[in-house]
Amino acid sequence: MTLQPRHWLALGLAVHLLFLLSLYTGWLNLFFNDASHTGQAFDFAVYYIAGKALAGGHDVYSVEAAFGFRYLPAFAYGVARPFALLPPQTAYFVYLFLCEALLLFNLRLVWRWSIDDNIRARATCMWLAFSPLYLEYYIGQVSFWAASLLFWAFYAEVHRVFRGGALAWIGAALVKPNALILAPAYLRLRRFKTLGWGALIVVLSSVPYFWAYPDAWTTFVQRNLSGMQIEGGLTHAGNVGLWGGLVSLGAKLSGAPLETLSRLDQLPAWVQLLATGVPLLLVAAALWITFRGKALPLELLCLWLTTYFLVYKDVWEHHLVFLLPVLCGLYLHTQQRPLLWIWLLLALPTPYIFFDVSPGVHGNIDPERTWGILTGLAYRASVVGPVAVLWVWLARRLLANPAPYGTARADD
């Protein structure tokens with residue numbers, strides 16, 4: 001039986017309401033590593049403390065809360081500092097309000113993108129009923145903010161509003177630097193103005209701060225590109241990406257205890273080669289597909305955002321909200337049903353609840369230290385599997401009857 005549009009809308013609203021209620025009741029916390037073992041607004045507290053540090057004339061990258069401040073200086077001035085003007089609980093409520101406002105705007109774009117009520121209703125449900133969104137709200141992250149801006153960029157690209165798309169992408173990069181991974185796609189599309197303005201704005205908004213605090217640049221790069229430098233933090237149950245899985249597999253096969261690992265060079269050479277070589281090969285493959293395949297704007301952008309989950313060292317479950325603009329945008333654009341199945345597999349919680357230890361106890365608890373190889377593989381396969389299928393689906397679309405480079409339209 002095919003669900004009618006009203007059924008999809010009712011399902012989406014019901015699940016989203018459950019998310020909001022669980023922020024108060026905690027009903028869903030046991031399904032997620034970060035919600036089970038860390039307190040509510042755990043990451044939001046980092047922004048708040050960084051804002052307080054900025055107000056006091058201190059370096060925001062010296063903040064030692066959680067994993068530290070990992071964002072660009074523009075985010076510290078534009079987001080963290082204003083939040084710090086409010087009492088902590090009020091600031092968190094304002095954050096939730098802004099998330100819901102962004103969600104409503106995303107839904108407005110969904111209904112402008114398509115005129116088919118069935119497609120609209122399904123795409124609306126995709127935004128409302130995605131379980132990583134609950135985790136995003138719970139810990140107070142801003143990945144959803146960046147994902148929303150990227151959805152606006154995708155909408156603008158499809159509808160040929162290039163300046164608006166450029167602004168949305170640059171805004172997403174200032175919120176979360178991992179949005180910069182779309183640069184190869186923009187290069188293939190010959191969006192030279194977009195890339196130039198993006199680089200200029202990021203540099204001009206960052207250089208004065210790093211000039212004033214020279215040590216901050218080293219800390220920023222280390223936190224984003226190197227290991228956590230925290231004992232036991234190299235990989236753990238919260239890291240659901242391919243890289244985290246490769247490191248976990250290598251550590252278990254070589255007998256290296258996860259609780260002692262903070263750097264990749266603590267593992268045998270073959271594990272280092274595996275964890276470094278596989279992501280490099282995937283990046284090389286993405287580059288080949290990008291410059292060999294068709295210049296399909298939406299598919300190219302989505303390919304690179306999907307590649308992030310297969311190559312980056314730190315992929316948390318809440319990061320999956322970055323796949324909402326990918327899956328929703330592609331479904332609105334192509335109306336291909338396989339995308340709904342990929343969305344469903346990622347929208348459901350991982351099987352984490354079956355493998356957890358000490359559920360609901362906050363603290364430095366990593367269940368993966370007790371897992372065998374098969375458990376770790378099964379856990380991450382629930383994320384990496386659908387992401388890999390999506391990546392291959394995009395690659396096949398781009399490589400079908402490839403067009404020569406240079407056919408993409410440049411910036412208006």
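Numbers at a glance
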item: Residue that is farthest from residue 312 (Cα to Cα) [pool: residues in the stretch 177-190 that are touching a Lys or Arg at 6+ places or on another chain (Cβ under 9 Å) and surrounded by 19 or more Cβ atoms within 10 Å (Cβ to Cβ)]; result: 189
item: Selection within the stretch 191-204 - surrounded by fewer than 23 Cβ atoms within 10 Å (Cβ to Cβ) and either basic (Lys, Arg) or in contact with a Gly (Cβ under 9 Å, 6 or more places away or on another chain) (or both); result: 193
item: Candidates 262, 248 - the one that is of a type in the set (Gly, Ala, Ser), touching a residue at least 24 places away in the same chain (Cβ under 8 Å) and out of contact with any helix residue (DSSP H, G or I) (no Cβ under 9 Å at 6 or more places or on another chain); result: 262
item: Only listed residue being in contact (Cβ under 8 Å) with a residue 40 or more places away in the chain and buried (at least 16 other Cβ atoms within 10 Å of the Cβ), chosen from 53, 45; result: 45
item: Filter result (touching a residue at least 60 places away in the same chain (Cβ under 8 Å) and buried (at least 19 other Cβ atoms within 10 Å of the Cβ)) within the stretch 278-293; result: 286, 289, 290, 293
item: Test set (1) surrounded by fewer than 24 Cβ atoms within 10 Å (Cβ to Cβ); (2) in a helix (DSSP H, G or I); (3) in contact with a helix residue (DSSP H, G or I) (Cβ under 6 Å, 6 or more places away or on another chain); (4) among the small types (Gly, Ala, Ser) - residue 232 fails condition number; result: (2)
item: Qualifying helices (runs of 4 or more DSSP H) (wholly inside the stretch 99-209; at least 3 residues being closer than 14 Å to residue 325 by Cα); result: 117-128, 143-158, 162-175
item: Pair list, Cβ under 9 Å, 6 or more apart: the stretch 370-391 residue of a type in the set (Lys, Arg), other residue in a helix (DSSP H, G or I); result: 380/242; 380/244; 380/245; 380/248
item: When residues of the stretch 29-42 are limited to those that are of a type in the set (S, T, N, Q) and not in a helix (DSSP H, G or I), the one surrounded by the most Cβ atoms within 10 Å (Cβ to Cβ); result: 38
item: Near pairs, Cβ below 9 angstrom, 6+ apart or cross-chain, from the stretch 62-77 (farther than 17 Å from residue 214 by Cα) to any residue that is in a loop (DSSP other than H, G, I, E, B) and at pLDDT 80 or above; result: 66/38; 67/233; 67/314; 75/69; 75/142; 75/176
item: Residue pairs meeting the criteria (Cβ under 7 Å; at least 6 apart or on separate chains; first assigned to a helix (DSSP H, G or I), in the stretch 3-18; second acidic (Asp, Glu) and surrounded by fewer than 17 Cβ atoms within 10 Å (Cβ to Cβ)); result: 5/117
item: Qualifying residue in the stretch 5-18 (condition: crowded, with 21+ Cβ neighbours inside 10 Å, at pLDDT 95 or above and either of a type in the set (Asp, Glu) or within 23 Å of the chain's Cα centre (by Cα) (or both)); result: yes
item: Top-ranked residue of the stretch 238-266 - restricted to ones that are under 22 Å from the mean Cα position of the chain (by Cα) and in a helix (DSSP H, G or I), ranked as nearest to residue 310 (Cα to Cα); result: 242
item: The stretch 185-206 residues that are more than 15 Å from residue 168 (Cα to Cα), paired with ones that are buried (at least 20 other Cβ atoms within 10 Å of the Cβ) and among the small types (Gly, Ala, Ser) (beta carbon under 9 Å, 6 or more apart); result: 188/293; 188/295; 189/295; 190/295
item: Residues (of a type outside the set (A, V, I, L, M) and under 23 Å from residue 225 (Cβ atoms)) located in the stretch 52-72; result: 59, 61, 62, 64, 67, 68, 69, 70, 71
item: Residue 26 being at positive phi and loosely packed, with under 15 Cβ neighbours inside 10 Å; result: yes
item: Unique match (being hydroxyl-bearing (Ser, Thr, Tyr), at pLDDT below 95 and surrounded by 21 or more Cβ atoms within 10 Å (Cβ to Cβ)) among 138, 155, 71; result: 71
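Conditions (1) in contact with a His (Cβ under 7 Å, 6 or more places away or on another chain); (2) under 18 Å from residue 131 (Cα atoms), marked per residue:
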| site | (1), (2) |
| --- | --- |
| 321 | no, yes |
| 327 | no, yes |
| 332 | no, no |
| 340 | no, yes |
| 353 | no, yes |
| 363 | yes, no |
| 369 | no, no |
| 373 | no, no |
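The values are calculated or read from the model by the stated rules, or taken from the named source; none is laboratory data. All values derive from a computational prediction rather than experimental measurement. As a convention, Cβ positions derive from the backbone with ideal geometry for all residues, glycine included, and neighbour counts pool all protein chains shown.
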